[in-house]
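Written out below as C-alpha cells is the structure these notes cover.
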Amino acid sequence: MRVAAIDQGTTSTRCLVVESGGEARVAASCTHAQSYPAPGRVEHDPEELLANIRAVLAAAGPVDAIGLANQGESCLAWDALTGEALSPVIVWQDSRTAMSLTALGPDAATRSAAICGLPLDPYFSASKLAWLLRNIPAVASAQAAGRLRLGTTDAFFLDRLAGTFATDLATASRTGLLDLSTGGWSEELCALHGVPLACLPPVAPVDAGFGAIGGVPVKASIVDQQAALYGHGCRRPGDVKITFGTGAFLLAVTGQGRPAGAGLLPTVGWQRAGEAPVFALEGGVYDAGSALEWLRRLGLFSETAELDGFEGPSALARGLVFVPALSGLAAPHWDRTAAPLFIGMDAATNRRDMVRAALEGIALLTVGLIESAAAQVGAIGEIAIDGGLSQSAGFAGFLAAASGRTVRVPALHEMTALGLAELCGADVDAARAQARRFTPDGSVTPAQRQRFADALARSRGWRS
C-alpha cells in the first residue's frame, strides 16, 4: 500500500509518501504565513492552507490512500453552501479569549473539567468558536441564515476537499465541547460557551473513511499529536511519546476508560471503527520550536546545526537558566500570565550559552510533564521522542539525563506521517524498529533541577 500522509501543521504543510514496509519519502513541504494582528492573537489564512494541501498532495504522485493530520485546537467558521471561509483560522497558540473564560467563573471551570476533561483555557477551540460568532458579522449572519459551519481545521479541509463534513473523536476531544463519557458533543458545554451544537461536524472514528480527493479515498483523519502517538507504536498503558515541534506535546497511553487527569489532561488517543476508544493523558509546553525561532530572530543563532555539539558543563550546571514561557505555561501549571525568563547571566555569557540554556529549559519543562504522567500511569522507563529537536543528540542526551529515563529517537522522525500511514492500513513496523537510544548519565543533579524549579516559580504570574 502507498499512502500520502499529509501533516498540516502550525508552520508548514508536509506530505510524506509511505509504503508498506515503512519506506518513506518527503514528497513536498510548503510553509505558510502566520499573522499576529494584535497582542495574543495568532491567525492563518484558511485558503492558503487549503492551497498548500492541494500542492503537496499533487507532488505525491499516484497513491492508494490519503491520511490527514490537523493542528488540533486551531479552528474557524465557513459557509455550509459555498464552502467559503468566513473567518481566519484562529491558531491553538492564540490567547484572545483568556479574559472571557476567566469571567465564566470557577463553577464553569469545574463543569468543563467534569464533562470534557479540559480547563477553561484559550488553547482549546470552544472559546475561539464563540469569539467568531460574537465578533465577525459574516459568521453571525451565516448562523441566522442556517448555513454556518464551525469546527477545527480538519472538518474544513475535509468538507472542501473531500465533500465530507466530519471530525474524528480524538480531534473532537481537544475542543472543550466533547462529552468524554458519551463521545458526542455536550449540549451543556455548547450552551456555556455560546457555540451552536448544530453547526459542529459529526464525530467519527479515525478510520471511518472521510470521502475522497481526486478519486483517492481519505482513509484516516486525526489530530497530529495522536497520529504521532500511534506512529511510535504506543499501545499499552504507560507508553509515552513527546513530539517537539512549535510546542512540545506529551501523550501517555492510559487504556480504555477516562483517566483522572490531575494536572495533565484526559484525552482520546484514538478510536478505530468498531473498537472502544483508547484514552491518554496529554500535557504540553507552549513554546519549544517557537522559542528557538524567537532566539533565531534575535540573532543568537542562525543554523540548525548550532543546536548541537555543545562542550563542557551544561548551562544549568553553570547557573544559567531559561524558562521558555513566551506564551505562558501549559500543563500542569496552566498559567497564561507566566513570562519567559533568562536568569544567571554574567559578563562572560555569550550567545551560544543562551541557546544551550534555551534547549535545556525546553527539556526541563518537559520533564515536569513526564513526572506528572508517571504519578498517574506508574513507572515510565522509556520515552519516545520525535520532531525537529529530536534530531539534536545533545538535546536528547540532556533530556535523558534530566528525566532519569531512556530516550528513544526513531530513525524516521516524521512520526505523525508514519502513524497516519498505519491508520490507513500500511505496514510500518520495519521503519519503527530503527531507533537510537540515549540513557541517563547522572549529569543533572536534584539541586540543578531545583534551580530550574526556582526560576520557573519566578516566571509565574509575571504578566498579572
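If you sort the three axes of the alpha carbon gyration tensor as a ≥ b ≥ c, you get a/c of 1.5 or more for the stretch 350-464 and a/b above b/c, which makes it prolate.
Ordering of 357-369, 7-19 by packing is 357-369, 7-19, highest average first (other Cβ atoms within 10 Å, averaged per residue). Scalar couplings 3J(HN,Hα) for the stretch 320-329, obtained by applying the Karplus form with A = 6.51, B = -1.76, C = 1.60 to θ = phi - 60°, are 9, 10, 10, 9, x, 10, 4, 9, x, 10 Hz; x denotes Gly and Pro. Take the Cα of Ser181, go 7 Å toward its beta carbon, and the backbone nitrogen atoms of the stretch 106-149 under 20 Å from that spot belong to 107-120.
The amide H of Gly184, built 1.01 Å from its N in the peptide plane, has Asp179 as neighbours under 5 Å, considering only residues 5 or more places off or on other chains. Each peptide among 46-54, 130-138 gets the average number of other Cβ atoms lying within 10 Å of its residues, and from highest to lowest they stand as 46-54, 130-138. For the stretch 236-252, 3J(HN,Hα) computed residue by residue from phi via the Karplus equation (6.51, -1.76, 1.60; θ = phi - 60°) reads 9, x, x, 5, 10, 10, 10, 9, 9, x, 4, x, 10, 10, 9, 10, 10 Hz, glycine and proline entered as x.
Shown here for the stretch 241-348: GluC sites (Glu not before Pro) in loop regions (DSSP other than H, G, I, E, B) with at most 16 other Cβ atoms within 10 Å, namely Glu275, Glu303, Glu311. The length gained by stretching the chain between Thr406 and Ala55 to full extension, at 0.36 nm per residue less their Cα-Cα distance, is 122.5 nm. For the stretch 267-422, would you read off the P(r) tail past 21 Å as a percentage of all alpha carbon pairs? Value for the stretch 267-422: 52 percent of Cα pairs lie more than 21 Å apart.
Mean residue ellipticity at 222 nm, helices only, the chain: -10000 deg cm²/dmol; runs of at least 4 DSSP H residues each add -39,500 (n - 2.57), and the sum is divided by the number of residues.
Take every DSSP beta bridge whose two residues both sit in the chain; close to 75 percent of them are antiparallel.
Straightening the chain between Arg436 and Leu197 buys 81.4 nm, computed as 0.36 nm per residue apart minus the Cα-Cα spacing. The length gained on full extension between Ala347 and Ala453, counted as 0.36 nm times the residue separation minus their Cα-Cα distance, comes to 35.8 nm. Heavy atoms of the protein chains alone define the surface here; on that basis the stretch 1-143 has 37 Å² accessible area per residue at 1.4 Å probe size.
As a fraction of the 1.4 Å probe accessible area of the chain, surface on carbon and sulfur atoms comes out at 52 percent.
On a per residue basis, the stretch 188-334 carries 34 Å² of accessible surface, using protein heavy atoms and a 1.4 Å probe.
Protein heavy-atom accessible surface, 1.4 Å probe, per residue over the stretch 350-458: 37 Å².
The values are calculated or read from the model by the stated rules, or taken from the named source; none is laboratory data. It should be emphasised that the depicted structure is a prediction, and the values quoted were computed from it without experimental measurement. Reconstructed Cβ throughout: ideal geometry from the backbone, glycine too, with neighbour counts over all protein chains shown. All accessible areas refer to the heavy atoms of the entire protein, side chains included, with ligands and DNA or RNA removed. Shrake-Rupley method; radii C 1.70, N 1.55, O 1.52, S 1.80 Å.
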